[in-house]
Each structure stands twice: as C-alpha cells, then as structure tokens.
Amino acid sequence: MDKATYRIETVAVHSGERRPGPEGSVIFPIYQGTVFSIEPGTGYHDIQYIRLNSTPSQRYLHERLAALEGAEAALATSSGMAAMTATILTFLKKGDHLLAGSCLYGGTHDFLTQHAEDLGLSYTFVDDQSPDSWKQALRPDTRMFLVETITNPLMRVPRLRQVVEFARQERLTAIVDITFASPVNFRPLSIGFDVSFHSATKYLNGHSDLVAGCVLSSRANVDRVRRTLNLLGGSLDPHAGFLLARGTKTLALRVRAQNANALALARFLATHARIKEVNYPGLETHPDHAHARELLSGFGGMLSLRLKGGAAAAERLLAAVRIPFVAPSLGGVETLITQPAKSSHAGMKREDRDRIGVTDDLVRVSCGIESADDLVEDFRQALAKV
Ligand SMILES: Cc1ncc(COP(=O)(O)O)c(C=O)c1O
C-alpha cells in the first residue's frame, strides 16, 4: 500500500517517524539542544537553533503535522495566538485591509480590535453566513479573508466553500482557524484555503497539558510564516513539541469519540424540558446542518446551550455537574464546562459579546472521551437540580 493512501489513523501513528529511528528508537527522541554544528554557507534561517524552528525535533514535528492535515508543510508555534498573529503579520502589510468572520475566537477578535489599527491594518467583520454581503465590504486594499471552521461558542459553520470561491475571485488570501474541527473532521487545504492554523493546545494535543499552535500551507507560504515567527520569537520548545507529537498519535481515536459524545449529549439536551436551546451542528435542527454535513466528516466535540432559567440556572448547572471540570479551554480527553461570557470572551466589551450572542446565560461544553452514557446521566442528574 502506498503511503499517500494511508488513512488518518495510520498517518497519525506513523507520520514523521524515521525508519530506523535514531539509535533504533521506535519513537523520535527529544533533541533538547538549542544549537547544532553549522555547515559552511548555511543561511541565517537554516541555522539549527530552536528559535529558528529548525532543530531535528522541530522538523520531525513539522512533518507529522503536515501529514495529518495533508499539507505540503507545517510550522509549530508557541501557542495558537502565535500561529494566528504570525500568519496575519506575514500576509498583510501596513495599509492592508482584511475581511474577518464576525464570530471569531475572543483572542483573535481582541488582536484585531485592539492592535490592528496600531499596525496600520484595517478590518471589517462580515457575516460569514451571508456571501451576498461580502462584496460590499471589499475595498481596493482588501487582501485577506479570515474565518473559523466551527465558531466559538455558538457552533455556527460558516459558508466555507463560498469563502474560498470569493477569495479566489477577489485575489484574497483565504485563512482558516480549524482548531474546533481538527483535521479528523475537516481538510481546509483540500477545498482551497491557502493557509490553516490551529491552537494545538486543544484537539491536536488533546491532553490539556501544553500550549502550542501550528500553521499549515504550501512550502513557500510556511517558509514565509517561519521567517516572521523567527523574528517574533514564537518557537515551540522541543519538550512541548514531543508531548504534542505524542498527543497527535491518538488524534483520530479521540476526536471520533468526542464527536460521538457531543452528538449523544446534544440529542439528549435537545429533548430536555429545562433546556431552551442547544447549539450543535450535528443536530438536524441546527441552521447550518445541511452544509456542515457536506463539508465536515464529523461535527466536533463542542456544543453550547441555554437553559430556560437564564444565567442563574446556568450557574446552578455548572455547580451540579459531577464529571465535567468547570474550566475554559477545550479539546482535551476530559469534559469541560464553562460560561464563555466569563471565560473565553471575558476580554470583549459587553456590547460586542451581546452582538454575537455570547450572553451570560450561554454554557459551553467541550466533550471528552468518557462514556457517552455517563455524560448523559450526569447532565440528567444536574438538570434535575437547576
Ligand atoms: C479557536 C481558537 N483559536 C485560537 C485560540 C488561541 O490558542 P492558544 O490559547 O493556544 O494561544 C483558541 C484558544 O482557546 C481557540 O479556541
């Protein structure tokens, strides 16, 4: 069987592994050295030095990440925010304008609203569900269209094919944050996105024990981002990179279990008398279900809900669940529950939060890999108390 035809489970286990590995090791070891001997004539960016993202452990991780997403090349970064900022600062220059989906991760939103202007960049938030509205937001200096695959925390799935078509037509760089979907559920480069990036802190690592990010694209694009990152200083330490590479080995198994748990929990919650609303693209009643079904091979492990009793009932639910940890972040093997208005979106102004529906009564759940039956039973007992 040709390597190119391996399915994601096989790629996740084997990609990047040397055969034979150093000293015969089955797994690639950690090269923790900051610097390596230099060959005459080596250019600055190719010196093997950790900040330059060029040491053996970093190159190994890059190969694994690229293979997982079917990308030509990958770059690991010190966080998801470093991946996002290095990408924006690579493809935009002073005077450029970008279109951005109106419901972005809080940190990305805050970077644009608090720093873009100082950097000479401008932006317009557009409704990523309404392709007809995009043309009027275009300007002669528009260069980029930035969206997410599944938005946080309302779990909307933007019109991603139309984003790519529009970007092609208008010669914009199409960039997507695919943290929520992971490459198990979505392959953005295969539908024509130019660049994708992740907070690898979430599903790629999957164990809530490191912060990292990555950028994926063609070799030429990744080289450009690497040069920016080399100057910004956002490289990932090889020890954290080792943990990330290890986490990715079980990515397919974990994400499939998380998809199944979220679907089971969403279906249960949707029929419960105390629940006002469940946001999960896998439910037939979700407004984006039809195109999400066509784009994604799984609907993800994230859902959000509102209770009939509003914010006070939301707080009682958080106090009554026994399995989930009450904590922000997502994508780990343990189920987490949080109120986004008080965690991931707390940095935003209230009026911005309200505009995108992140009100105090909203509860977000990141499903882990526990038994679906245990999760449903736990929410059943907690809902009886709210
Ligand atoms: C969708 C999304 N993108 C980016 C980030 C930023 O990632 P990090 O915390 O790894 O910098 C997050 C973090 O929650 C996220 O949820």
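The values are calculated or read from the model by the stated rules, or taken from the named source; none is laboratory data. Predicted model, so just to flag it, every value in this text is computed and none were measured. Don't worry about glycine lacking a Cβ; one is built from the backbone with ideal geometry, like all the others, and counts go over all protein chains shown.
Tell me which residues, restricted to the range 325-338, are within 15 Å of the ligand (Cβ to nearest atom) and among the polar types (S, T, N, Q). Residues satisfying the conditions are 329, 338. A search for C-beta distances below 7 Å between a residue of the range 157-181 that is assigned by TED's automatic domain parsing to the domain that holds residue 88 and over 23 Å from residue 205 (Cα atoms) and any residue that is among the basic types (Lys, Arg) and not in a loop (DSSP other than H, G, I, E, B), counting only pairs 6+ apart in sequence or on different chains, returns 172/143; 173/143.
Scanning the range 134-160 for residues that are among the charged types (D, E, K, R) and in contact with a His (Cβ under 8 Å, 6 or more places away or on another chain) yields 139, 141, 143, 159. No other residue among 217, 297, 304, 235 is among the polar types (S, T, N, Q), surrounded by fewer than 20 Cβ atoms within 10 Å (Cβ to Cβ) and within 21 Å of the chain's Cα centre (by Cα) apart from 297.
Scanning the range 85-117 for residues that are of a type in the set (A, V, I, L, M), part of a helix (DSSP H, G or I) and within 12 Å of the ligand (Cβ to nearest atom) returns a single hit, 86. For the range 337-372, what are the residues that are without any contact (Cβ under 8 Å) to a residue 60 or more places away in the chain and assigned to a strand (DSSP E or B)? Across the range 337-372, the qualifying residues are 337, 338, 363. Confirm whether residue 249 is of a type in the set (Lys, Arg) and within 16 Å of the ligand (Cβ to nearest atom). Answer is no for this residue.
Residue 235 satisfies every condition listed in (1) among the hydroxyl-bearing types (Ser, Thr, Tyr); (2) under 29 Å from residue 357 (Cβ atoms); (3) in contact with a helix residue (DSSP H, G or I) (Cβ under 8 Å, 6 or more places away or on another chain) except (2).
Of everything listed in (1) at pLDDT 95 or above; (2) within 15 Å of residue 366 (Cβ to Cβ); (3) assigned to a loop (DSSP other than H, G, I, E, B), the single unmet condition for residue 322 is (2).
Residues considered: 56, 40. Of these, the only one that is modelled with pLDDT of 95 or more, surrounded by fewer than 19 Cβ atoms within 10 Å (Cβ to Cβ), out of contact with any helix residue (DSSP H, G or I) (no Cβ under 7 Å at 6 or more places or on another chain) and in the same structural domain as residue 183 (by TED's automatic domain parsing) is 56. From the residues in the range 328-347 that are closer than 15 Å to residue 301 by Cβ and of a type in the set (Ser, Thr, Tyr), which one is surrounded by the most Cβ atoms within 10 Å (Cβ to Cβ)? Checked the range 328-347; the qualifying residue surrounded by the most Cβ atoms within 10 Å (Cβ to Cβ) is 335.
Counting only strands (runs of 3 or more DSSP E) that sit completely within the range 121-227, those holding 3 or more residues that are within 16 Å of the ligand (Cβ to nearest atom) and at pLDDT 95 or above correspond to 142-148, 173-177, 195-199, 213-217. If residue 71 satisfies all but one of (1) under 17 Å from the mean Cα position of the chain (by Cα); (2) at pLDDT 95 or above; (3) in a helix (DSSP H, G or I), what's the number of the condition it fails? That leaves (3) as the condition not met.
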